Structures are given as structure tokens and as C-alpha cells.
1. Going residue by residue through the range 67-77, is there one that turns out to be crowded, with 21+ Cβ neighbours inside 10 Å, of a type in the set (A, V, I, L, M) and in contact with a strand residue (DSSP E or B) (Cβ under 9 Å, 6 or more places away or on another chain)?
2. Go through (1) loosely packed, with under 11 Cβ neighbours inside 10 Å; (2) modelled with pLDDT of 80 or more; (3) under 19 Å from Leu114 (Cα atoms); (4) acidic (Asp, Glu) for Asp30 and report which single condition fails.
3. How many residues are surrounded by 18 or more Cβ atoms within 10 Å (Cβ to Cβ) and part of a helix (DSSP H, G or I) if we restrict to the range 79-126?
4. Of everything in the range 86-101, what is in contact (Cβ under 8 Å) with a residue 24 or more places away in the chain and more than 19 Å from Leu119 (Cα to Cα)? Give them in sequence order.
Amino acid sequence: MVAKSLAEGCTFWFTACLAPLATAPGQVADAGVAEDGQKAVDLADARDYALILMDVQMPTLNGIEATQAIRAGQRNRDVPIIAISANAFAQDRADCLAAGMQEHIVKPVELQALYRALLTWLRAAG
């Protein structure tokens, strides 16, 4: 499901079955939702995450600035961060990786690519 407001971006809801990674039957990941980059940093400072999906184009702090702030902190500095962006040029990907993101997925998101990235980075995070 997607909620979209003009000039405010999109909020995405999805369910991904990651059963091979679950430690208990029916385990569900708890997610935080940030409306802007500063709120993403605040959430990352407040609790532990297994993985962070980061929209690159957000108000207040963009995804690159938010990632740099998370990497400078203590709590989630080593957690995989996956960029979600409409910017598809090689330089956009390079900028995301240089900021400390592990992956760059282009919008519109192909579910197989997202699923593959989630499995890869959740496994790597252990």
C-alpha cells in the first residue's frame, strides 16, 4: 500500500516473508516510520534496528545527511542502510554508498530487488 501527498513524498507499507531469517515461527519485525530525515536519525538514536530503509529525498535532512548522522552515532552505526531513490544515475548510487549506505534501490521499486537486498543485508547483519 502507498500513501502519497503532493510535495510530501510517499509512505510505503509492505509485508515481506523472511521466514528463513526468523528465530521464531510467526516472528514479525517492528518498524519505525520517519516523516523526515531528522526523525529517521532520532529513531535510530532511540532504538536498535536490524536494517534501515532510507528514502533519499526527505525534508529536513535528506537521506544522505540522515545516513551520515546515523553513522556518526553509536546505536545503529553498523546497521545496514538501504537507499530507496528515484535518482537512478551512477553518481546517485555512488553518493549513497559514500555516505555509508550498503545498497541503492531505484524507484519504482522492483519487489524482487527489494526482497533480494533485504535477505542479503539481514543475513550479513547476522
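The values are calculated or read from the model by the stated rules, or taken from the named source; none is laboratory data. Just so it is clear, the structure is predicted and the values come from calculations on it, not from any experiment. Using ideal geometry, Cβ is built from the backbone for each residue, glycine included, and neighbour counts are taken over all protein chains shown.
1. yes
2. Result: Asp30 passes all but (2).
3. The total comes to 8.
4. Answer for the range 86-101, where residues must be in contact (Cβ under 8 Å) with a residue 24 or more places away in the chain and more than 19 Å from Leu119 (Cα to Cα): Ala86, Asn87, Asp92, Asp95, Cys96, Ala99.
This table checks each residue for (1) assigned to a helix (DSSP H, G or I); (2) crowded, with 21+ Cβ neighbours inside 10 Å; (3) in contact with a strand residue (DSSP E or B) (Cβ under 8 Å, 6 or more places away or on another chain).
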{"position": "Gln38", "(1), (2), (3)": "yes, no, no"}
{"position": "Asp45", "(1), (2), (3)": "yes, no, no"}
{"position": "Met54", "(1), (2), (3)": "no, yes, yes"}
{"position": "Thr60", "(1), (2), (3)": "no, no, no"}
